Amino acid sequence: MVNLSIIIVNYKSLPLIRDCLNSIFMCKPDLQIEVIIVNNDELQERDNQILNRYPEVKWADMGYNAGFARANNEGIRRASGEVFLLLNPDTIIPQGALDKSFRQLINSDYIACGVQLLNEDASPQISGNYFITGGLNYLLPLPYIGNCMKWIAGLFSIKKPHVAEASSLVEVDWINGAFIMVKEWAARKAGLMDEDFFLYAEEVEWCARLRNIGKLCILGDVQVFHLQGMTANETFISKGKGYYNLFDRKGLQIMLSNLVRIRKQYGIFWFLFILMIYTIDIPVFFAGNLFSMLFPKRSRVYTLDQAAGFTKNVFFVWSKSSPILLNRPYFYKVL
């Protein structure tokens, strides 16, 4: 019987996957595992080097760049384990991490868990998060308005929307998509990931449906290295980690996916409210840049190119507002 089915999505990331697989099999987990590589790269043929070296690995071709949700769904359909692990290719698994997380999850009342993700220098990444009404936390990355909201939140001691670092088990609302371990029965009951999403926010929407079934947690005593955003940055020709870059194509995908998720989880009012604040931030953005030009001794935080890119992205989202509002099936892919 397969204990753990590990699903890894490939898109131009085979060197990372090889390192990830080496870390998995070098630590020799005391589990019956299978690894399903779902290939989104239509130019990449089946990698026989991996398949010959690791007989536990299976290969599934999507035939096109299907994105995170559709590829993981294909992996789930092919999986036979009692627990599924959705694992990013840019992860390194330390000794004992798989066994420990599997045993803790399977022997608990939780239906899904994440682990404490680490940067390459071993500093902590945000691994677990909380739902904020209407997705108001998506306003925090906004230029200028976001800083005002952080100041107001600090003034009223509003709880942060994430777990900065987990040192023990912490119950959360949603888990970072780089490492999501889910009990098979819960994944089947909640349904597969929403295939309207191409990349970003799909794990948040999925966790919302999982949350309706049972509890989710972060296992702070289990740590996994995550080389955050490497493949995505290369694909979108973007720079920087995290989700604060809203100015280029990667930023557009982040913005679009986040707003689609708000519509699906919180409804029409909150989608329109958040999008309106994004729109209001356009003149604020340009005014802030003008102020910094008039007072050059003050450090400039943003550029005019970034303001123009942000404006273009907001109007693109408005152009997609019809299918979003109607909540009709639509593949929100900007590549």
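Quick note: the coordinates plus some simple rules give every number you see, no bench work behind them. Bear in mind the structure is a predicted one, so any value in this text is a computation, not a measurement. Reconstructed Cβ throughout: ideal geometry from the backbone, glycine too, with neighbour counts over all protein chains shown.
For a quick check: with amide H placed at 1.01 Å from N, whose amide H comes under 5 Å from Val57's, ignoring anything fewer than 5 positions away on the same chain?
Val35
Quick one: compute the contact order of the range 245-326, relative version, from alpha carbon pairs under 8 angstrom and 6+ residues apart, as a percent.
44 percent
Rank by packing, highest mean first: peptides 207-216, 119-128, with packing defined as the count of other Cβ atoms within 10 Å averaged across residues.
Ranked by mean Cβ neighbours within 10 Å, highest first: 207-216, 119-128.
So for the pair Glu171, Ser108, with labels modelled 7 Å out along Cα→Cβ, what separation do we get in nm?
The answer from the label model is 1.1 nm.
Percent antiparallel among DSSP beta bridges with both residues in the chain, to the nearest 5?
So the antiparallel bridges amount to about 45 percent of the total.
Once you place label points 7 Å from the Cα toward the Cβ at Asn52 and Ile280, how far apart are they in nm?
My value for the distance between the label points is 6.2 nm.
Only helices at least 27 Å long along their axis, Cα-based, and averaging -1.0 or more on Kyte-Doolittle count here, so list those DSSP H runs from the chain.
268-294
Of Ala186, Ala97, Phe295, whose Cα points farthest to the positive end of the dipole of the chain (charges on the beta-carbon: +1 Lys, Arg; -1 Asp, Glu; origin at the Cα centre)?
Positive-end residue among those listed: Phe295.
Rank the residues Tyr110, Tyr130 as a footprinting-exposure proxy: fewest other Cβ atoms within 10 Å of their Cβ go first.
Tyr130, Tyr110
Rounded to the nearest 20 debye, what is the charge dipole size of the range 245-326 about its Cα centre when +1 sits on each Lys and Arg Cβ and -1 on each Asp and Glu Cβ?
The dipole of the range 245-326 has a size of about 160 debye.
For every helix of n ≥ 4 consecutive DSSP H residues, a contribution of -39,500 (n - 2.57) applies; sum these over the chain, divide by its total residues, and give [θ] at 222 nm rounded to the nearest 500 deg cm²/dmol.
Value at 222 nm, helices only, nearest 500: -13000 deg cm²/dmol.
What do you get for GluC sites (Glu not before Pro) in the range 1-60 restricted to DSSP loop and a cutoff of at most 10 other Cβ within 10 Å of the site's Cβ?
Glu45
Hey, fewest Cβ within 10 Å first, where do Glu203, Glu195 land in order?
Glu195, Glu203
Would you mind computing Rg(Cα) / (2.2 N^0.38 Å) for the chain, counting N as its residues?
Ratio of Rg to 2.2 N^0.38 Å for the chain: 1.01.
Magnitude of the Cβ-charge dipole of the range 69-185, K/R +1 and D/E -1, about the Cα centre, nearest 20 debye?
For this selection, approximately 260 debye.
With a cut-off of at most 14 other beta carbons within 10 Å, and DSSP calling the residue loop, which trypsin sites (Lys or Arg not before Pro) in the range 1-64 qualify? Please list them.
Of the trypsin sites (Lys or Arg not before Pro), the ones in loops of the range 1-64 whose Cβ has at most 14 other Cβ atoms within 10 Å are Arg46.
If the limit is 25 Å between Cα atoms, which of Lys215/Lys320; Lys12/Lys264; Lys100/Lys215; Lys312/Lys333 go over it?
The answer is Lys215/Lys320; Lys12/Lys264.
If you put +1 on each Lys and Arg Cβ and -1 on each Asp and Glu Cβ, how big is the dipole of the chain around its Cα centre, in Debye rounded to 20?
It comes to approximately 920 debye.
Which order results if Thr303, Thr133 are arranged by neighbouring Cβ count within 10 Å, fewest first?
Going from sparsest to densest Cβ surroundings: Thr133, Thr303.
Which trypsin sites (Lys or Arg not before Pro) in the range 299-328 pass both tests, a DSSP loop state and at most 13 other beta-carbon atoms within 10 Å?
Of the trypsin sites (Lys or Arg not before Pro), the ones in loops of the range 299-328 whose Cβ has at most 13 other Cβ atoms within 10 Å are Arg300.
Between Ile152 and Asn212, with labels modelled 7 Å along Cα→Cβ, what's the label distance in nm to one decimal, could you check?
3.0 nm
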